């Protein structure tokens, strides 16, 4: 019984961190699907979102709801601005140049924030508080419940947006074939900006959930989180939205269960080993579309 | 044919000259810059200067520790310069960022050598410090680190008790094994613990060093270590580990990490339902802001720096006046003490009337440092053992009502 | 095509190049060892040299083969640890004379070979994938190498890599001369391979893999070969790094190190060896030159990176490569003399 309740807690732990990975992975996956860019700066957008929450709650004492909205709005704007300023001019350049630009933006955000706010972590006071739930001897914290519920809602919303709305259709069309979509009268710039806006808004939400679980914002918090989420996106099949969600949960669960087994030093190794095995067996990821190569 | 060969050769040589020349001129400009900046703070220089190098990682992942050390060091040096320096000689500081990277630290150290410094304070992270210590030992440059706690900083081979000591390298902080053993003894004697768990950062030698010493000592004292959990740098999610630890319900949990992680660990452990006592090393200093008062209540850690006691009030006020913020962590006072130890040794050497920057002068600084006895700093009273590690007693700090309170000397 | 264009006959070209290279090595070693160059600059030159080897070796896989490996630091780590453990085991610091040089040479070669073996082990599965997937799988392998180096001792039960606290007291065998010699040898070997039949096969895979395959080129063989060669030189650079620093920590070989090397290659222009050499030099020297700006230097560095890519996306030199013979021939045919004075290196 004790074992079962521990296992249950560990699964919840995995779901909670997996949710955050999944939200971030969605951003990676959408951007990759549309302009084939591994957007390394995506993790740092979460960092910016977290600093916005910190600024508005700890410094200005805004209501949590206001802070949350502010974080989402700032992240979204930042994502769109980065696309316009740094990525749009490079649309016809070699893809590697685009990648290096993304890395450069990531460095810039990290070092810039460190310069402005200092290297130390900023503590965000608990702003999402509520009762935790006890199931037998296992405890589920309020933040875990919020994180998982919000993530599921966001995913449902996103799926609806991509499948049912006109902009969503445009997004899918562009990712299918950019040239053809343009010929059919789809405005490329709007669609790409919209994609970045969506991805970054999700990152904004992720930053809020991140803070509710871990309570600290630091300039380099985005890099490892981003890398793991990126692995999650690839694992699930990059470009595929359900894949990104699945990938996020798989990574979160794997980390939790490996740690639970007392092998936490090998955690990163296991995550990457899963990635390698999946890629070798199914090279486009768990739910990716099979690639056909044109001659 | 010969003409082309010679043209090409000349061009090749020219380029290599340009490469070197280019960096030379940039060096000159930056040296000028740092001279200018230190000249601003040391306006009343007369009778020459003593050049001291400061290495700290003021950018990169662990910059918060580097910045604190640098602030502490600069605080003391500015104080002493304000009082007229050493024998009328102002201390001229050359400070470089090493990003915590050993490669950068070695180049920065050689830059300092070029700048003609007499002594070096730094570096901050262990890897960088050891790389620098290798270089400084080879040329007999006095060096003191405020924060590198691994045993291998001052001795060549920590595994071997007969090992060669880097006679020129000193430190103002505890070494790893000392703290781990102290806390194991404290757990056994004062807390009556029978079972313990540890959670440490794998890949971080401070954390692993403390953990190993703690676990070994526990075995000796008959405390059963029920769980050894680890995490990696940059992790913020400790729920899985804490759930495991909670399920084994040990009397104490030892977490020998830095305060940001420790705060998070305690928070998540309480969320997972753990109710026992947390213990830590001096990395805990400053933890109070990182978890709530209830979560931290009753936790203990050992520290050289008894924050809040009268001894350190003066330091804290001075720090706040100088930088407009509270002392962020133990690294600032340790940096202050490192600078104090170094300046003390410099002044002893200077009294002998040797030429600043000469090898004899450096040797005299090292001798003076070695014979330091009873110098009172912010973090304790200093005397060095045969391995150039400070002998000072540990203060036990307790978390009470969200404050870090001095409990006892142990 | 001009029919009366003067050219240098083949043996003559080799002779000129060999003589120039030897002169270059001798002259710069003498220059650096003279008192004119301080220890600080020598150290920077050594780091530049190590970075040049890393950049030109990655350039094989990125520029010539057209793949994007993100785990180059992993190969460097393998080389560094192999070299470090070997040098410690034979106690090279105590050896004298010929034995000493034998140990140094053996360490360098051994590091390269072990890293090369890892190149094959990782390359065979990884190169089945293409593009970004290859990037990610190599990233995964690179990270696994780092995690293994950190934790292997607890599995083995004895001290091999000394885990997190790092491998210490490695004999410091790296001198300016060593580095220079390795840089020159790496560049020459890579250059010669790329000008050979094998090199052309590798380039054809970059241009169009399917077309190359249908022309009868064994694409898998050549991909693994290029990848292994890339790993070999990264291993040599790693060994030099170990001998330069004297201590190693697994955390130095993380994902960011791979990115750092990749940035050098892309900024210099993929497929241009001269570009890799120049940008490795500039990017190593830049943060040093920016020391005066201390706090701002990393921000400036990243800004330079972004702006550079926006305004010159193909990198500094694109695919241009330096050829002494070509310049000499231009000079010999004065009509076409463009007057370019590229006096950089030594191919």
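A few points about this structure:
- When we screen A:79, A:157 for residues that are closer than 28 Å to residue A:13 by Cα and modelled with pLDDT of 90 or more, the only hit is A:157.
- Residue match in the stretch A:54-67 (condition: without any contact (Cβ under 8 Å) to a residue 60 or more places away in the chain, assigned to a helix (DSSP H, G or I) and in contact with a strand residue (DSSP E or B) (Cβ under 9 Å, 6 or more places away or on another chain)): yes
- Filtered by the rule that a residue be under 12 Å from residue C:309 (Cβ atoms) and in a helix (DSSP H, G or I), the stretch A:86-96 gives A:86, A:87, A:89, A:90, A:95, A:96.
- Put simply, of A:192, A:145 the only residue that is within 23 Å of residue A:73 (Cα to Cα) and assigned to a helix (DSSP H, G or I) is A:192.
- Considering residues of the stretch C:13-31 that are in contact with a helix residue (DSSP H, G or I) (Cβ under 9 Å, 6 or more places away or on another chain) and more than 8 Å from chain B (Cβ to nearest Cβ) only, the residue modelled with the lowest pLDDT: C:13
- Some residue of the stretch A:84-95 being at negative phi, away from chain C (no Cβ under 12 Å) and buried (at least 21 other Cβ atoms within 10 Å of the Cβ): no
- The condition (being away from every other protein chain (no Cβ under 14 Å) and under 15 Å from the mean Cα position of the chain (by Cα)) is satisfied by just one residue among A:201, A:181: A:201.
- Residue list for the stretch A:132-159, filter: farther than 24 Å from residue A:217 by Cα, surrounded by fewer than 16 Cβ atoms within 10 Å (Cβ to Cβ) and either at the interface with chain B (Cβ under 8 Å from one of its Cβ atoms) or more than 22 Å from the chain's Cα centre (by Cα) (or both): A:133, A:134, A:135, A:136, A:137
- Every residue from the stretch C:148-160 that is touching a residue at least 60 places away in the same chain (Cβ under 8 Å) and either more than 23 Å from the chain's Cα centre (by Cα) or surrounded by fewer than 23 Cβ atoms within 10 Å (Cβ to Cβ) (or both): C:150, C:160
- Test result for residue C:287, surrounded by fewer than 24 Cβ atoms within 10 Å (Cβ to Cβ), at pLDDT below 90 and not in a helix (DSSP H, G or I): no
- Looking only at residues of the stretch B:160-192 that are crowded, with 24+ Cβ neighbours inside 10 Å and in contact with a strand residue (DSSP E or B) (Cβ under 7 Å, 6 or more places away or on another chain), we find that the one that is modelled with the lowest pLDDT is B:179.
- Residue in the stretch C:125-141 that is surrounded by fewer than 22 Cβ atoms within 10 Å (Cβ to Cβ) and more than 14 Å from chain A (Cβ to nearest Cβ) present: no
- Per-region count, the stretch B:101-117, residues in contact (Cβ under 8 Å) with a residue 40 or more places away in the chain, touching a helix residue (DSSP H, G or I) at 6+ places or on another chain (Cβ under 6 Å) and buried (at least 23 other Cβ atoms within 10 Å of the Cβ): 3
- Screening the candidates A:179, A:204, A:215 for the property of being buried (at least 23 other Cβ atoms within 10 Å of the Cβ) and modelled with pLDDT under 90 yields one hit, A:215.
- Test result for residue A:41, crowded, with 17+ Cβ neighbours inside 10 Å and away from every other protein chain (no Cβ under 12 Å): no
- You will find that of B:230, B:318, B:269, the residue that is in contact with a helix residue (DSSP H, G or I) (Cβ under 7 Å, 6 or more places away or on another chain), more than 9 Å from every other protein chain (Cβ to nearest Cβ) and closer than 17 Å to residue A:259 by Cα is B:269 and no other.
- Tally of residues being in a loop (DSSP other than H, G, I, E, B) and surrounded by 24 or more Cβ atoms within 10 Å (Cβ to Cβ) across the stretch B:238-253: 1
- In the condition set (1) surrounded by fewer than 17 Cβ atoms within 10 Å (Cβ to Cβ); (2) in contact (Cβ under 8 Å) with a residue 40 or more places away in the chain, residue C:213 is compliant with all but (2).
- Taken over the stretch A:155-170, the criterion of being touching a helix residue (DSSP H, G or I) at 6+ places or on another chain (Cβ under 6 Å) and within 29 Å of residue A:212 (Cβ to Cβ) is satisfied by A:155, A:161, A:162, A:168.
- Sole residue being part of a helix (DSSP H, G or I), within 19 Å of residue B:63 (Cα to Cα) and in contact with a strand residue (DSSP E or B) (Cβ under 9 Å, 6 or more places away or on another chain), chosen from B:311, B:262, B:235: B:262
- Any hit, the stretch A:161-179, residues being touching a strand residue (DSSP E or B) at 6+ places or on another chain (Cβ under 9 Å), in a helix (DSSP H, G or I) and without any contact (Cβ under 8 Å) to a residue 24 or more places away in the chain: no
- Residues of the stretch C:32-62 classified as within 10 Å of another protein chain (Cβ to nearest Cβ) and within 18 Å of the chain's Cα centre (by Cα), total: 9
- Residue match in the stretch A:64-82 (condition: within 12 Å of another protein chain (Cβ to nearest Cβ) and under 23 Å from residue A:33 (Cβ atoms)): yes
- From A:269, A:252, residue being farther than 27 Å from residue A:175 by Cβ, within 11 Å of chain B (Cβ to nearest Cβ) and either without any contact (Cβ under 8 Å) to a residue 24 or more places away in the chain or not in a loop (DSSP other than H, G, I, E, B) (or both): A:269
- Single match in B:345, B:339, B:363, B:318 (criterion: over 18 Å from the mean Cα position of the chain (by Cα) and surrounded by 22 or more Cβ atoms within 10 Å (Cβ to Cβ)): B:345
The values are calculated or read from the model by the stated rules, or taken from the named source; none is laboratory data. Nothing here was measured: the structure is a model prediction, and the numbers come from that model. Here Cβ is always computed from backbone atoms with ideal geometry, including for glycine, and neighbour counts include all displayed protein chains.
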